[in-house]
Amino acid sequence: MVASSPFGSSIKRREDPRLITGAGHYTDDVRLPGMLSMAILRSPHAHARIVNIDTSAAKAMPGVVAIYTGADLVDLVAPVPCAWQPKNSDIKVPEYRPLAVDTVRYVGDGVAAVVAENRYMAEDAAAAINVQYDTLPVVVHQLDAMKDGAPQLYDSVPNNVAFHFHLEGGDVDAAFQKADLTFKQRLVNQRLIPNAMETRGAVASYQRGSNELTLWCTTQNPHIVRFLMSLCTNIPETQIRVLSQDIGGGFGSKIAMQAGEMIASVISKDLLRPIKWMEDRSENYVSTTHGRDHVDDVEVAAMKDGRVVGLKVTAYANMGAYLSTAAPGVPTWLFTVTQSGAYDIPNVASDVYGVLTNTTATDAYRGAGRPEATYLIERVMDLVAKKLNLDPTEVRRKNFIPSDAFPYSIASGAIAYDSGDYDKTLDRALEMIDYAALRKEQEQARAEGRLFGVGFSTYIEVCGLAPSAAAGAMGFGGGLYESAVVRVHPTGKVTVLTGINPQGQGEGTTFAQLLNGELGVPVEDIEIVWGDTDRIPMGWGTYGSRSTAVGGSALVFAARKVRDKMMKIGAHLLEVSPEEVVFDQGSVHVKGAPDQVKSFGEIALAAYTAWNMPEGVTPGLDESYFFDPVSNTFPFGAHVCVVEIDKDSGKADVRRYVAVDDVGNVINPMIVDGQIHGGIAQGLAQAVLETAVYDDNGQLLSGTMMDYAIPKASSFPNYELDRTVTPCPFNPMGLKGVGEAGTIASTPAIMNAIVDALSPLGVEHFDMPASPQRIWQLVHEQKGN
Amino acid sequence: MKQQVTITVNGTTHTNEVEPRLLLVHYLRDVLDLTGTHVGCDTSQCGACTIEMNGSAVKSCTVLAVQADGAEITTIEGLAKGGELHPIQEGFWEMHGLQCGFCTPGMIMTSVNLLKNNPHPTEAEIRHGLEGNLCRCTGYQNIVKAIQYAADKMSAEPAAAGDD
Amino acid sequence: MYPSAFDYFRPSSVDEVVKLLQENPEGKIIAGGHSLLPMMKLRLAAPASLIDIGRVPGLDGIRSDNGGVAFGARTTYDQIIKSDVVQQTLPVAAEAAGVVGDIQVRNRGTIGGSIAHADPAADFPAVLLALDAKVNATGPNGQRTIGIDDFFVDMFTTSLEPEEIVTEISVAKPAAKTGMAYEKFSHPASGYAIVGVAASVTLGNDGNVSAARIAITGAGPIAVRANGTESALVGQAPTAENVKAAAQKASDGMTFLGDIHAGEEYRAHLTRVFTERAINKAVERAQG
Ligand SMILES: Cc1cc2nc3c(=O)[nH]c(=O)nc-3n(C[C@H](O)[C@H](O)[C@H](O)COP(=O)(O)OP(=O)(O)OC[C@H]3O[C@@H](n4cnc5c(N)ncnc54)[C@H](O)[C@@H]3O)c2cc1C
Ligand code: FES
Ligand code: FES
């Protein structure tokens, strides 16, 4: 057998033939006999007491099967759980009912669920429900919500502060005393709507007799859904099967438990009919979690030469109206442990306030905490450069953790970086962009009165979310290992079961490449299976760029168990000792005698017929492995963005974008590049296009796709990519992970470029989004002065 | 009051009684069970629902099934002919023009029209031509390459180009 | 995403359309449906009946009309782009059609629907104002012609009677040495105009501007002529400075809308900027 796809080659994706011919199978494609449609009536008010709900007219409408209010569900389902309650904080978790019981707390809070023969009828009936509200005062901004006298969302959460988190290392006060330069800056990381192209939804089917709930849903982590669903509904885990196969993008917004999937499940159990619920897009905008929404007050202590010696951060995170499943972990641990970025900053103190407001809940969104941290530290590097009149690349180099300092423990000691060579990626990026020439071009442009800017981001990322002990120490309610089963069949075909749950990241291909590398089985003979809790051992899912580094490693270890067993069986069949054979591209032969060989298929068959097994070796070739790495991985890179601003319209156009990333070893360069492209676009979009805006009454003004601007094909140019390779020492393949890198890096890169472009006008900082209007205002104010 | 419609989809003619308010996308997905055409928005922005109707790309979420009475429709399921991928499908595969694949059927169906209007588009023309299709995963770079691949291939073998 | 129920009619003549409109006061015409259906899907509109003019004969096609161009009400943007007559006589219509929405929208949206809907951010209201178009409509009292200057009344409101249907829109042959242009600043999400400016500029034999029609859409509740700009231009040499000075007047007296992407002040500014750009381009073409 010949290896058909060596590790490191850009083979085409095996998932694509289905998807390009319309044969994908997403949740909305599930059709079951007797299936009903569910529509959720949502609150139009951001904060109100429910006085009365009259469903009588609606119930009488054609096609309506049942209508449930919050009160009807109280006995059927527990509140939506919050599963990350950070250590180092005094967290208070308010009760969040899947349908509001007497108070609605954000526009979009569920009030009633209508089940009907089809969705059109369900919507008709939802419109006919008469709800009487008594409106209450509303607060949408986290800083307002903390003030004395602000409207209170919950009696149990005074001043709306759900938690205060603190982490520090070194001696921050001393650092500020000895510093040559100290300054403060407020940085706002605005609220975003994730916008996976497939909205969230579920099909729940509870079977009478077997008492089994089958739940198809758009989740990044089916096992977490099963686990929490079981806790919330009292249906034993043994009786719940969660299926999530083709997922139309997640970006963090499909990690959390969704009220809708809980409601559909318990109603299916109640009515013994399959229930489908799919969000409309506008519904998705209020009912699925948002991302970011921080106000970060930063204090910086630096020396004259540009070295940053101290960093104090006070962050106010808007959590929305309740604490979503993983939400508290995002602005606390995930945010604070990357705050010093690629830089050796010995003294760091962080305080984070998680604040409840009358808005949609926030939770993970591509990068989750790390983009906020990276934006912060990368803007700080530029501010230091500006204030000390140094080149931004020099300030970065001054502060880089040297390549011989790994593993490197951050100031608080909370986490240690695996490996890195930060100068190398920056060198390569500067070479690609031709930095000297670029600065000349900028001088020229400025002489002509044009606004032309260059921005950098030399980011790091915590990836491969793991290990479980760290998760526990941080208060995450689960583990972060990953599982894999490698099941060789008698014909030599192989099924891989993996606990990860991709949404387009290509593991159906890269995992086959990994297995091919280990066992030599042609990728055509390998099937990668995910998204079925009945088939797959416990796994934690796909987020935090962890799938390949953690799940891929589990696969490699399981494959190695298979390989060892095959060598034993092969040696036995060849009548030599296991020490005398080698495993070579899928077959086992005697050392130095390649013609004395047993093929992969022969050994597989022998393992299953078990006519002639070596002593002590059990039949079958079916191995599982739970991999819990000793550490996270830390990809890094240097991104450079060049912008030119049209003074008249204020529009910032990206002229060039160079990205040099180090994601460790690369299984499939084409797929890695694709992840980087998509990530860059998403990060750039935060800086210049996207923002979720509420008015003072808590109405979401950016409430439809006609108002909320996600990037289009014409928004940004082609990106120029390259890579360096610094393997991660903590997993067998030296993988770091790539899913979030682009997003994390690109937001500060373009903001630094835009601020650089505007710096001749005296602009040192302004907050995102750098929309044309905002830039025009800055240019205009300057003209006015 | 239900209305009778007769619609030819991917070469097969269907006659059904439908409510006038039924959107064409729901007719395709729920009546004909052709689930390759997706729904990504409710404001006609995303293009995930794009199909070909009487030779032109349209957003099937913004057409009533009754308006399509008598129409010839091609959906993503009907694009590959005789088991052979359309060059645009091939381009998406070759160039890694998709990740989650949710936008892909619509992207491909729009691209068919784009290349029909303009068989040799520049990069900028491709990007402009995709204005009505949103992709959250790819950042569009490889989608542009996929269409360039198809344009090259279709001009090399003109037989494939005229296919609708 | 799920419209309310309605009665559906599919008339086969203009007269039948008028009759149905009379019989169904809560009814609405549907042409391409690309303005109406998006509103119905969000249940912002719930007409009791729809009168589908998709198959009514005589509303189709683009013809050359005394050297000018007549557009059937049901002409799509795509047909405008691909029309030889338009390319030869009125290329600005194709230029503007090319920036409406996207390929799919251009395949379905119609010129008649666009003006009848009178969306404040639609492109063709400005284009047809600059082109001094005439709108033919048929109602219970027969046919009449409405000058475009009298057509747009307010946001989503025109001078059409509720029982009238637009049948044709015609534009006279442009005078010699006339240049036209449409410049648009698109909304980053919807793609509609935040500001769109259509300019038609005619130069006299002396090279000075002899006539100008400038119209603005997107910025305010209704597409309007920039009268101040027009009068400032006429009689002047079309120099960069004169154009700039004239464009400064474009926002005078206008009412502006604001949203999260563009407030009133910014729209006023963009109005001046895009007016200047459109005029300069039109002048260049007139000189060309
Ligand atoms: C995603 C998207 C993007 C768009 N972007 C743009 C854009 O950038 N610029 C732009 O200008 N437009 C844009 N549009 C709107 C599109 O161009 C409209 O569809 C079109 O202008 C209206 O034509 P229609 O045939 O679709 O009208 P319909 O939706 O069928 O009708 C609109 C209204 O006009 C009435 N009506 C239609 N025809 C007649 C008639 N002959 N006589 C009397 N009344 C009539 C109807 O009763 C209805 O009230 C966009 C639409 C979508 C969905
Ligand atoms: S579903 Fe049709 S455009 Fe989004
Ligand atoms: S591939 Fe996921 S939205 Fe385009």
**Message:** Here's a check for you: in the range A:113-127, which residue that is outside any helix (DSSP H, G or I) and surrounded by fewer than 23 Cβ atoms within 10 Å (Cβ to Cβ) is nearest to the other protein chains (Cβ to nearest Cβ)?
**Reply:** A:N118
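Conditions (1) modelled with pLDDT of 95 or more; (2) of a type outside the set (D, E, K, R); (3) open to solvent by 10 Å² or more (accessible area, probe 1.4 Å); (4) assigned to a loop (DSSP other than H, G, I, E, B), marked per residue:
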{"position": "A:F511", "(1), (2), (3), (4)": "no, yes, no, no"}
{"position": "A:V521", "(1), (2), (3), (4)": "no, yes, no, yes"}
{"position": "A:D534", "(1), (2), (3), (4)": "no, no, yes, yes"}
{"position": "A:G539", "(1), (2), (3), (4)": "no, yes, no, yes"}
{"position": "A:S545", "(1), (2), (3), (4)": "no, yes, yes, yes"}
{"position": "A:V556", "(1), (2), (3), (4)": "no, yes, no, no"}
{"position": "A:H572", "(1), (2), (3), (4)": "yes, yes, yes, no"}
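Residue by residue, here is whether (1) facing another protein chain (nearest Cβ under 9 Å); (2) away from ligand 1 (no atom under 16 Å from the Cβ); (3) among the aromatic types (F, W, Y) holds:
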residue: A:A687; (1), (2), (3): no, yes, no
residue: A:V693; (1), (2), (3): yes, yes, no
residue: A:I710; (1), (2), (3): yes, no, no
residue: A:A713; (1), (2), (3): yes, no, no
residue: A:Y719; (1), (2), (3): yes, yes, yes
residue: A:D722; (1), (2), (3): no, yes, no
residue: A:V725; (1), (2), (3): no, yes, no
**Request:** Please work out which residue is surrounded by the most Cβ atoms within 10 Å (Cβ to Cβ), limiting yourself to the range C:83-110 and to residues that are within 11 Å of ligand 1 (Cβ to nearest atom) and within 15 Å of C:L131 (Cβ to Cβ).
**Result:** C:A96
**Complete:** Scanning the range A:14-56 residue by residue, the ones that are outside any strand (DSSP E or B) and at pLDDT 95 or above total 27
**Request:** Would you be able to say whether some residue in the range C:243-264 is buried (at least 17 other Cβ atoms within 10 Å of the Cβ), assigned to a helix (DSSP H, G or I), charged (D, E, K, R) and within 14 Å of chain A (Cβ to nearest Cβ)?
**Result:** no
**Complete:** Given (1) part of a helix (DSSP H, G or I); (2) in contact with a Ser or Thr (Cβ under 6 Å, 6 or more places away or on another chain); (3) buried (at least 24 other Cβ atoms within 10 Å of the Cβ), A:K424 misses just (3)
**Message:** Taking the condition of being crowded, with 24+ Cβ neighbours inside 10 Å and part of a loop (DSSP other than H, G, I, E, B), how many residues in the range A:338-357 meet it?
**Reply:** 7
**Request:** For the range A:8-19, state whether one or more residues are among the charged types (D, E, K, R) and out of contact with any helix residue (DSSP H, G or I) (no Cβ under 7 Å at 6 or more places or on another chain).
**Result:** yes
**Asked** Can you pull out the residues in the range A:10-46 that are of a type outside the set (A, V, I, L, M) and touching a strand residue (DSSP E or B) at 6+ places or on another chain (Cβ under 7 Å)?
**Response** A:T27, A:D28, A:S37, A:R42, A:S43, A:H45
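Can you report the number of residues in the range B:80-106 which are assigned to a helix (DSSP H, G or I), within 15 Å of the chain's Cα centre (by Cα) and either touching a residue at least 40 places away in the same chain (Cβ under 8 Å) or more than 10 Å from ligand 3 (Cβ to nearest atom) (or both)? If you could, list the steps in order and put the result at the bottom.
From the range B:80-106, those assigned to a helix (DSSP H, G or I) are B:87-94, B:104-106; that's our starting set.
Filter once more, so that each one left must be within 15 Å of the chain's Cα centre (by Cα): B:87-92, B:104-106.
Filter once more, so that each one left must be either touching a residue at least 40 places away in the same chain (Cβ under 8 Å) or more than 10 Å from ligand 3 (Cβ to nearest atom) (or both): B:87-92, B:105-106.
Total meeting the criteria: 8.
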**Identity of the residue in the range B:54-79, facing another protein chain (nearest Cβ under 9 Å), in contact with a helix residue (DSSP H, G or I) (Cβ under 6 Å, 6 or more places away or on another chain) and not in a loop (DSSP other than H, G, I, E, B), that ends up farthest from A:N668 (Cα to Cα)** = B:T62
**Asked** Has the range B:128-137 got any residue that is open to solvent by 60 Å² or more (accessible area, probe 1.4 Å) and within 16 Å of ligand 1 (Cβ to nearest atom)?
**Response** yes
**Request:** Those residues that are part of a loop (DSSP other than H, G, I, E, B) and open to solvent by less than 40 Å² (accessible area, probe 1.4 Å), I need them from the range C:168-187; list them, please.
**Result:** C:P174, C:H187
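Right, B:G36: within 16 Å of ligand 3 (Cβ to nearest atom) and either open to solvent by 40 Å² or more (accessible area, probe 1.4 Å) or at negative phi (or both) or not? Step through it out loud before you land on a result.
Values: within 16 Å of ligand 3 (Cβ to nearest atom): yes; either open to solvent by 40 Å² or more (accessible area, probe 1.4 Å) or at negative phi (or both): yes.
Spelling it out, B:G36 is indeed within 16 Å of ligand 3 (Cβ to nearest atom) and either open to solvent by 40 Å² or more (accessible area, probe 1.4 Å) or at negative phi (or both).
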**Asked** Considering only residues of the range B:122-155 that are within 16 Å of ligand 3 (Cβ to nearest atom), among the small types (G, A, S) and in contact (Cβ under 8 Å) with a residue 40 or more places away in the chain, which is nearest to the other protein chains (Cβ to nearest Cβ)?
**Response** B:G132
**Item:** Leading residue by the ranking (farthest from the other protein chains (Cβ to nearest Cβ)) among those in the range A:35-50 that are open to solvent by 40 Å² or more (accessible area, probe 1.4 Å) and within 24 Å of A:E123 (Cβ to Cβ)
**Value:** A:H45
**Fill in**
When (1) open to solvent by less than 60 Å² (accessible area, probe 1.4 Å); (2) of a type outside the set (A, V, I, L, M); (3) closer than 17 Å to A:Y657 by Cα; (4) touching an Asp or Glu at 6+ places or on another chain (Cβ under 7 Å) are applied to A:P769, the one that fails is (3)
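The values are calculated or read from the model by the stated rules, or taken from the named source; none is laboratory data. Just so it is clear, the model here is predicted, and its values are computed rather than measured. Glycine gets a Cβ as well: all are built from the backbone with ideal geometry, and neighbour counts include every protein chain shown. Please note that ligands, DNA and RNA were not included when accessible areas were found on the heavy atoms of the full protein model with its side chains. Shrake-Rupley method; radii C 1.70, N 1.55, O 1.52, S 1.80 Å.
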